[in-house]
Every structure is written in structure tokens, then in C-alpha cells.
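Colleague: Dumping the structure here so I can ask a few things about it.
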Protein chains: 2
Amino acid sequence: MNISQAAKLSRLSVKTVRYYADIKMVEPARNIRSGYRSYTNDDVAKLNFIGKARRFNFSIEECRELLSLYQNKNRSSKEVKRLTLAKIASIDEKLKEFHSLRNELSHLVNCCNGDDRPSCPILDELSK
Amino acid sequence: MNISQAAKLSRLSVKTVRYYADIKMVEPARNIRSGYRSYTNDDVAKLNFIGKARRFNFSIEECRELLSLYQNKNRSSKEVKRLTLAKIASIDEKLKEFHSLRNELSHLVNCCNGDDRPSCPILDELSK
DNA sequence: CTTTACATTCCAGTTAGTGGAGACTTTATA
DNA sequence: TATAAAGTCTCCACTAACTGGAATGTAAAG
């Protein structure tokens, strides 16, 4: 199938699918006459896999690792679990950061009148 | 003072301070003989302000807005409060996303043996 | 006078794509 | 069959907010 069909089936944009070909993540065969990329169902399965992994916040490089584990039928689940635990840890870090940011900002907002006068505890804090 | 002194006082890197000059956020005077950037205490205060706002997750463009409000002694606190509330809302969105990611991933991890056998519910989910 | 430290500009790379131009192929319509 | 429209190709530029490095220039110290 052509790229737009593969894109539709994997719910990715054509541009993204082409990008994944460029970075050698999912390299389809080529139609010799037209030069068009020619995707198999297997290629689409890989695209789907990557799309889902990306939505799970795995980076492109992590997707590459997962994809190679996915394709290796003799792999152990240990490595996959390790990657996933690392991802959870990094998400936890971001959660912590954002939680504390949220707290600080909402504290400041609560102190700010938000009226037409110039006095502003938010700016005061930022300039300390 | 020269750029490295300004960088030290504002706890930013020299590269970053130079970058803020390039994008016309904090444009110092120049020493005519050497061409070196010459920072005043006021410039350092601005750098500090930006550094803090960046740590609060405000984008460069938002920093620009905040900085102009900061410098306008007749500003109303309304606008600052509006920007800050919008920032809180966007942080809340990210928190939500990351929370649900975390839940899904930790569910998968709990289902995965993490041993030397190939069976892996994480990969199974990603390939669905 | 030379070494060293600090400064300058400019170019490239980072992440993960997205947008657009210009050219070519395929498909649909008149 | 001619033409128009749709799909695809490659290549380049842009996004955010810096960071790293090269080549070059200036200032301070010994």
C-alpha cells in the first residue's frame, strides 16, 4: 500500500510516517517504477507500535529499542520492564516538578489582587 | 561588568546570557574599545527575573510579557494574574497527562514478570 | 612579551516532527 | 486522449531554548 494508506491505518500523519522512514525506523520497500514507498501490513504494525509507544512518552530512541525487542521473539521481558520502569521514574520526576511549580504559582496567585493597581506579589516574587 | 560576572550574579550560563542578548530580551551596552557586553545592576536584575520566571515554566515569550509588566510601574496586577492563571492551567493539563501515563505504565509493569522468558504484556499492549 | 583568561561571532546540533516549494506519477474526469 | 486533480517524491526551512565548538580578538597577569 502507499504511504497515505499506511498513515491512515496507523493513525499517524503522512509526514510522520515519511519521517520514520528517513530516520530508518520503519523502512518500506519501494515501487521501482514510481519510487513510491510501499508498505506491508507488517510495516503498519510497526508504525502502530511506535505510535503507541510515543503516546506512552517513550522517546524515538527508546522506541527503537522497544521495537527491536518487539521483533526479537527470543527476547526476555526483563529488558522491556527495565525500560518501562525507567520511563515511570522520569515521569515521576516531572510530576514532582510540576506539582511544586503548581503549588508555588497558586500560592502567588492567591496573594495577588488582580486589580488595576500596580502592586503585584507575583512580580515581587519573580524579582527577588 | 562583563558577561561572566553578570552570568554568575544571575546564576545563568554565559551562553544563556549571550542568547538573551541575541534575542533582544536583555540588551546590555557595549564597551566601545573592546566590543564586550557591559552589564549594569539593572540588567542583572532583569536576568534574575527571567531566570526565575523560566524556572516557573514560563516560556521566553511569556517572560518577555512579564518583563515588560515588571518594568512598567503603572501596570495593573490583573494582567500578571491572568498570565499566571493560564500557566497554572497548562501545568494542570500536563499533570493530568502524566498522571494517566503513569497509571497505565505502572499497570503494565505490574503485569510483566520481568524474567528471561519472552512473554511480555508490555510489548503485547504496545502492539495492539 | 608571552601566556592565560575571557570575550566575540558564526555555525551546527539537539527533539520530533511540521510546512511548503517544485517536480514527478497516478488516477479520474471530460 | 488530453487534461486536471490527487498523491507522492525530495529538499529546505522552521519550531524552543539553548549548548558546544571553532576561529579570532582583547584584557589582565607575570
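The values are calculated or read from the model by the stated rules, or taken from the named source; none is laboratory data. Fair warning: this is a prediction, and the values are worked out from it, not measured in the lab. All Cβ positions, glycine included, derive from the backbone under ideal geometry; neighbour counts span all protein chains shown. All accessible areas refer to the heavy atoms of the entire protein, side chains included, with ligands and DNA or RNA removed. Shrake-Rupley method; radii C 1.70, N 1.55, O 1.52, S 1.80 Å.
Colleague: So, of the residues in region B:111-122 that are not in a loop (DSSP other than H, G, I, E, B) and not aliphatic (A, V, I, L, M), which turns out to be surrounded by the most Cβ atoms within 10 Å (Cβ to Cβ)?
Modeller: Here the answer is B:P121.
Colleague: Another question, then. Can you report the number of residues in region A:1-22 which are part of a loop (DSSP other than H, G, I, E, B), closer than 24 Å to A:E62 by Cα and more than 8 Å from DNA strand C (Cβ to nearest atom)?
Modeller: Counting residues in region A:1-22 that are part of a loop (DSSP other than H, G, I, E, B), closer than 24 Å to A:E62 by Cα and more than 8 Å from DNA strand C (Cβ to nearest atom) gives 1.
Colleague: Among the numbered criteria (1) touching a Ser or Thr at 6+ places or on another chain (Cβ under 8 Å); (2) closer than 30 Å to A:R54 by Cβ, which single criterion is violated by B:L47?
Modeller: (2)
Colleague: What residue, of B:R102, B:R54, is assigned to a helix (DSSP H, G or I) and either at positive phi or away from DNA strand D (no atom under 12 Å from the Cβ) (or both)?
Modeller: B:R102
Colleague: Within region A:77-92, is there a residue that is within 16 Å of DNA strand D (Cβ to nearest atom), more than 7 Å from every other protein chain (Cβ to nearest Cβ) and of a type in the set (S, T, N, Q)?
Modeller: No - not one qualifying residue is present in region A:77-92.
Colleague: In region B:23-44, what residues are in a loop (DSSP other than H, G, I, E, B) and within 15 Å of B:S68 (Cβ to Cβ)?
Modeller: Scanning region B:23-44 gives B:I23, B:K24, B:M25, B:V26, B:E27.
Colleague: Sort through B:L47, B:L108, B:L83, B:L66 and tell me the only one that's touching a residue at least 40 places away in the same chain (Cβ under 8 Å) and either in a helix (DSSP H, G or I) or among the β-branched types (V, I, T) (or both).
Modeller: B:L47
Colleague: Separate question: Yes or no: region B:40-58 includes at least one residue that is in the same structural domain as B:A7 (by TED's automatic domain parsing) and touching a strand residue (DSSP E or B) at 6+ places or on another chain (Cβ under 8 Å).
Modeller: yes
Colleague: Okay, moving on. Considering only residues that are in contact (Cβ under 8 Å) with a residue 24 or more places away in the chain and more than 8 Å from DNA strand C (Cβ to nearest atom), look in region A:29-39 and name the one that is least open to solvent (accessible area, probe 1.4 Å).
Modeller: Ranking the qualifying residues of region A:29-39, first place goes to A:Y39.
Colleague: Right, next: Could you say whether any residue in region B:35-46 is aliphatic (A, V, I, L, M) and within 9 Å of DNA strand D (Cβ to nearest atom)?
Modeller: No, every residue in region B:35-46 fails to be aliphatic (A, V, I, L, M) and within 9 Å of DNA strand D (Cβ to nearest atom).
Colleague: Scanning for something in contact with a Leu (Cβ under 8 Å, 6 or more places away or on another chain) and either more than 11 Å from DNA strand D (Cβ to nearest atom) or within 11 Å of chain A (Cβ to nearest Cβ) (or both), does region B:13-23 turn up at least one residue?
Modeller: no
Colleague: A further question on this structure: Please go through region B:73-96 and give me each residue that is surrounded by fewer than 15 Cβ atoms within 10 Å (Cβ to Cβ) and among the acidic types (D, E), ordered by number.
Modeller: Residues satisfying the conditions are B:D92, B:E93.
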